[in-house]
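The values are calculated or read from the model by the stated rules, or taken from the named source; none is laboratory data. All values derive from a computational prediction rather than experimental measurement. Note that we place each Cβ from the backbone using ideal geometry, even for glycine, and neighbour counts take in every protein chain shown. With ligands, DNA and RNA removed, areas are computed over all heavy atoms of the protein, side chains included. Shrake-Rupley method; radii C 1.70, N 1.55, O 1.52, S 1.80 Å.
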Amino acid sequence: MNEFDVIVIGGGITGAGTARDCALRGLKVLLVERFDMSTGATGRNHGLLHSGARYAVTDRESAAECIAENKILRKIAPHCIDPTGGLFLTLPDDDLNYQGTFVEACKGAGIDAEIIDPREALAMEPSANREMIGAVKVPDASVDPFRLCASNLLDAKLHGATILLYTEVTGFIMEGSRVLGVKTLNHKTGEEGSYYAKITVNAAGIWGMSVMEKAGITVGMFPSKGALLIFAHRVNRMVLNRCRKPANADILVPGGTVSIIGTTSTRVPLEECNNPQVTPDEVNLLIGEGVKLSPTLAETRILRAFAGVRPLVSSDNDPSGRSISRGAVCLDHASRDGMEGLVTITGGKLTTYRLMAEMATDMVCRKLGMHVRCQTAWTPLPGAEGHSFKETADTIWRTPANKPEEPDIYGDALVCECENISVGELEAAIKHLGAGSLVDLRRRTRMGMGTCQGELCGCRAARILAREGLGDKALSDLRSFMAERWKGIYPIAWGDALREAEYTQWVYKHVLGI
Amino acid sequence: MRFDTIIIGGGLAGLTAGIRLQEEGRRTAIVSSGQSALHFFSGSFESLKDCPEAEELFDRAGVRLHNLPGSRRLLPGGAFREAVLSLGDVSLLPGEGPIGKKALIVSFNGYHDFFPELLAGALEKDGTPSIQGIVEMEELAALRKSPTEMRSVNIARVLDKCPDKFVQKVKELLADGVDTVILPQVFGLDGDEVPRAISEGLAPLKVIFVGTLPPSVPGIRTQNMLRRRYERLGGTFIIGDSVVSGAVHEGIVSSVASHNLDTYRLFADNFILCSGSFFSKGLHSSPTAIEEPVFGLDVEFPEDRSLWYEADFFEPQPYMGIGVKADKDLHPSIGGEKVTNLYVAGAILGASKDGKYGTGAGKAIKSALAAANKILSL
Ligand SMILES: Cc1cc2nc3c(=O)[nH]c(=O)nc-3n(C[C@H](O)[C@H](O)[C@H](O)COP(=O)(O)OP(=O)(O)OC[C@H]3O[C@@H](n4cnc5c(N)ncnc54)[C@H](O)[C@@H]3O)c2cc1C
Ligand SMILES: Cc1cc2nc3c(=O)[nH]c(=O)nc-3n(C[C@H](O)[C@H](O)[C@H](O)COP(=O)(O)OP(=O)(O)OC[C@H]3O[C@@H](n4cnc5c(N)ncnc54)[C@H](O)[C@@H]3O)c2cc1C
């Protein structure tokens, strides 16, 4: 019951991808995540499927990895990817000579970069700054990290993996210089547990540093906070970048019904990683730079501000973190630290998660003396067959154990009008995807992520949770859902955002009495 | 065009002031951009226990208000609150003790803006067991075809035509021991006859109406009835137009300009600004300032934006207390200079609870009456 071939710590994209790869290679897998899936950097990033162009000049190796993975993910996860394409704009402030260096470097890394006429670029992307003096087209795209992570976890499950959410690894079970398994605490029930495996993989992102300390191992990491702003409309069709050395606030990514400007890079203390805050200065910087890429942003309403922490592995003492390689790091703690049965996979990017999972799984197999080929470069993720949101959601959510039920004629009613989420989709997420709270539902369905920021759909969904037997805590859950939303709103609450906020205050406190 | 008084904003405050002035034979006009906070109204006037002057004024408009000292009301999320002055179809419940022996909570298939499960939990704690029932009517089937049509106002449009049938359907759901029926407020867009007919039709059962997610049927009804009353009294209601600026010389407003009237100006002896708070655009905020956009009236606000908010959503939010500065007669000022024939009333004063006017809809009514009475006393 409690014995596995491999235990994966962390339910972000790296852990999810690793669990899937291990399961596909026939290993008996346990994944433990202390909160919900995608609660770390995976749920707090820019959603850019890098073409690699951003790193072509400064980090050729990362660039080459990105383009290879970019091509693979388009095939295995089309339901998570919006193939928008991307543009690198040279603005009057930028040096046009950089464009040549940039295109050369892209070609060298295998990235299809094409210089186009600024007028043509404007026709492709009417929201771009018309004062641009140069434009290069690259195969950037937009990716839905929540859906990608959920698809990986689901496929792991379909291949026999056990997934424990809200279960934190509190320590290791060790015998001499060998890790035999992990000790856990279930945050929902308060139960403690012990699980055993031949190999344990640390995929706990930035928190991996503290997790490893429990085994007496030091992994030097660099918590690099990035702040982002979400705009209320999808302003741009294509990803917009600045054609210059990577800097702050120079990427605008369209995603779903919104656009996101980012990002910054500031080293933060480890304590801040659980609750990274956006400062007014960061807000000002993001708007100031964003408007240069797309002047219409000046008139576009901002929905919310948020920040995530990149799990970068430190090499030197660069205070900004931008010169640290964004490449993946896979450590065998047996050869590195003399600790058997323990592997760390970290660093890297969302875009390269599959490759990272392959690296980690290769190492696990090697240590187990197995020779099984990795199949993830061509095996589609569940959901990849369907393309409409509904179809995709259904395929993702319905596991063989839960045969499709009778269609529900009331299931089409919309709960979230901004993001078009129906009752049926929420019910499916509750039944088949382990959603037990509003925040869980948001992560699985995008509910509450649109213009209204959850003011009405939050209540409707609370009621659906109550109906599914999760009623005792539906109200307190609704309160924490709204509290969490407000954290991202108040840094940018002026203009229409403040109007909406005032409305929400009245409706919640006086009309609904919540 | 010349009026005795021009009122900017046709929400609760503007209409109350307008009706008061018309009842005294003054010639007034209300210019209003659009929807007001009444469209989202709970039906209860916060901070107002009673106000005979308003109760009579509303009664003459066909809007019945009531309150009972020491009683409670039930909110849609399942909370009980102390009752305040409320519309007739906000049910007043005894201050303590179970609200009934057993309740039937009624809703509709595919309707997600009313929360029987949350209410059931709250009633249970309060000592009233309940059952839930769904009313099925073919009249509602057409609404359900579209995933966004099952909303309170649309349901009211349908049910207002067939209240008897609805009563019949509720009776079919009754079970042994039920003495109380809880219904969503989805009745009576044009008047309170329908909710009253339903209460009577279900008697001797006790009927309790509970609010829904916005839009609010009782709120929209109140807006419509007040407007009808105002127009029947001869008031000029200009809807869908916005006042964009005013001509002010030496502390006196001579005229205002509107968006649609182009170069044509509206003249009056007195003006009342009832343009609401941020939500209705009576106040405007940018990253660095909070302003009153029509006249540029003085507004007091902290320069440091982080002081406008409380990080905890459920704490009172400082920005909601921010409003146009006014003296005891509700005269605002521009650059420190008082404007003597302009009055401000309603949510534009900010939602902070002040001793004289209270907060919320209570403040809107009291300040609007105060401004109108001041004009009448001149
Ligand atoms: C601001 C920002 C923007 C970014 N933009 C992009 C982009 O546009 N494109 C791109 O490709 N990449 C981007 N990235 C990088 C990308 O988001 C991360 O590299 C990636 O999500 C890391 O995933 P992970 O699974 O390794 O870590 P995480 O997602 O952080 O997952 C680690 C998980 O481990 C769990 N955990 C921690 N401790 C324990 C424990 N003791 N027990 C159990 N579980 C535990 C955590 O709860 C968490 O869920 C961005 C990153 C940031 C911060
Ligand atoms: C969503 C919401 C729900 C509320 N619910 C309650 C409640 O249940 N109970 C309670 O006590 N209080 C409630 N309030 C508080 C509310 O402010 C008061 O109840 C009251 O209704 C305010 O009335 P008002 O006439 O001052 O402003 P509003 O109702 O906001 O009306 C202002 C009107 O002025 C118009 N306007 C604005 N600018 C111009 C212009 N330049 N030219 C012409 N017209 C203009 C607007 O379109 C609007 O119609 C709520 C507020 C909001 C925002």
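Descriptive notes on the structure:
- Members of the range A:163-203 that are outside any strand (DSSP E or B) and open to solvent by less than 20 Å² (accessible area, probe 1.4 Å): A:ALA203
- Of the residues making up the range B:236-258, those that are closer than 30 Å to B:ASP190 by Cα and open to solvent by 10 Å² or more (accessible area, probe 1.4 Å) are B:THR236, B:PHE237, B:ILE238, B:ILE239, B:GLY240, B:SER242, B:VAL243.
- Residue match in the range A:123-138 (condition: assigned to a helix (DSSP H, G or I), within 28 Å of the chain's Cα centre (by Cα) and basic (Lys, Arg)): no
- Any hit, the range B:82-104, residues being more than 20 Å from B:LEU174 (Cα to Cα), of a type outside the set (D, E, K, R) and within 11 Å of chain A (Cβ to nearest Cβ): yes
- Failed item, numbered, when A:GLY10 is tested on (1) open to solvent by 20 Å² or more (accessible area, probe 1.4 Å); (2) on the phi > 0 side of the Ramachandran plot; (3) within 9 Å of ligand 1 (Cβ to nearest atom): (1)
- Per the listing B:ILE290, B:ILE272, the residue uniquely of a type in the set (Val, Ile, Thr) and within 14 Å of chain A (Cβ to nearest Cβ) is B:ILE290.
- Filter result for A:ILE260 (touching a Leu at 6+ places or on another chain (Cβ under 8 Å), open to solvent by 20 Å² or more (accessible area, probe 1.4 Å), away from ligand 2 (no atom under 16 Å from the Cβ) and of a type outside the set (S, T, N, Q)): yes
- Scope the range A:267-286; condition of a type in the set (Val, Ile, Thr) and open to solvent by less than 40 Å² (accessible area, probe 1.4 Å); matching residues: A:VAL268, A:VAL278, A:VAL283
- Residues of the range A:422-455 satisfying the condition of being in contact (Cβ under 8 Å) with a residue 40 or more places away in the chain, hydrophobic (A, V, I, L, M, F, W, C) and either open to solvent by 10 Å² or more (accessible area, probe 1.4 Å) or over 22 Å from B:SER146 (Cβ atoms) (or both): A:ILE430, A:LEU433, A:LEU438, A:VAL439, A:MET449, A:CYS452
- Some residue of the range A:505-512 being in contact (Cβ under 8 Å) with a residue 12 or more places away in the chain and open to solvent by 10 Å² or more (accessible area, probe 1.4 Å): no
- Scanning the range A:14-26 for residues that are hydrophobic (A, V, I, L, M, F, W, C) and open to solvent by less than 10 Å² (accessible area, probe 1.4 Å), we see that the one that is nearest to ligand 2 (Cβ to nearest atom) is A:ALA16.
- Positions within the range A:24-69 being near ligand 1 (Cβ under 10 Å from one of its atoms) and of a type in the set (A, V, I, L, M, F, W, C), in sequence order: A:LEU31, A:VAL32, A:PHE35, A:MET37, A:ALA41, A:LEU48, A:LEU49, A:CYS66
- Taken residue by residue, the range B:283-304 has at least one member that is within 12 Å of ligand 2 (Cβ to nearest atom), in contact with an Asp or Glu (Cβ under 9 Å, 6 or more places away or on another chain), among the charged types (D, E, K, R) and farther than 14 Å from A:ALA493 by Cβ.
- Check on B:SER277, open to solvent by less than 60 Å² (accessible area, probe 1.4 Å), in contact (Cβ under 8 Å) with a residue 40 or more places away in the chain and of a type in the set (Ser, Thr, Tyr): yes
- Selected residue (criterion: surrounded by the most Cβ atoms within 10 Å (Cβ to Cβ)) from residues of the range B:1-51 that are in a helix (DSSP H, G or I), within 13 Å of ligand 2 (Cβ to nearest atom) and more than 14 Å from every other protein chain (Cβ to nearest Cβ): B:ALA13
- Listed here are the helices (runs of 4 or more DSSP H) enclosed by the range A:429-514 that have at least 2 residues being more than 7 Å from chain B (Cβ to nearest Cβ) and among the acidic types (Asp, Glu): A:474-489, A:496-506.
- Residues satisfying the stated conditions in the range A:242-258, i.e. among the polar types (S, T, N, Q) and closer than 19 Å to A:PRO145 by Cβ: A:THR257
- Qualifying residue in the range A:434-455 (condition: at pLDDT 90 or above and basic (Lys, Arg)): no
- Enumeration of residues in the range B:334-349 that are part of a loop (DSSP other than H, G, I, E, B) and near ligand 2 (Cβ under 10 Å from one of its atoms): B:ALA345
- Strands (runs of 3 or more DSSP E) enclosed by the range A:250-318 - at least 2 residues per element that are among the basic types (Lys, Arg): A:302-313
- The condition of being within 13 Å of chain A (Cβ to nearest Cβ), away from ligand 1 (no atom under 16 Å from the Cβ) and modelled with pLDDT of 95 or more holds for only one of B:ALA361, B:ALA345, that being B:ALA361.
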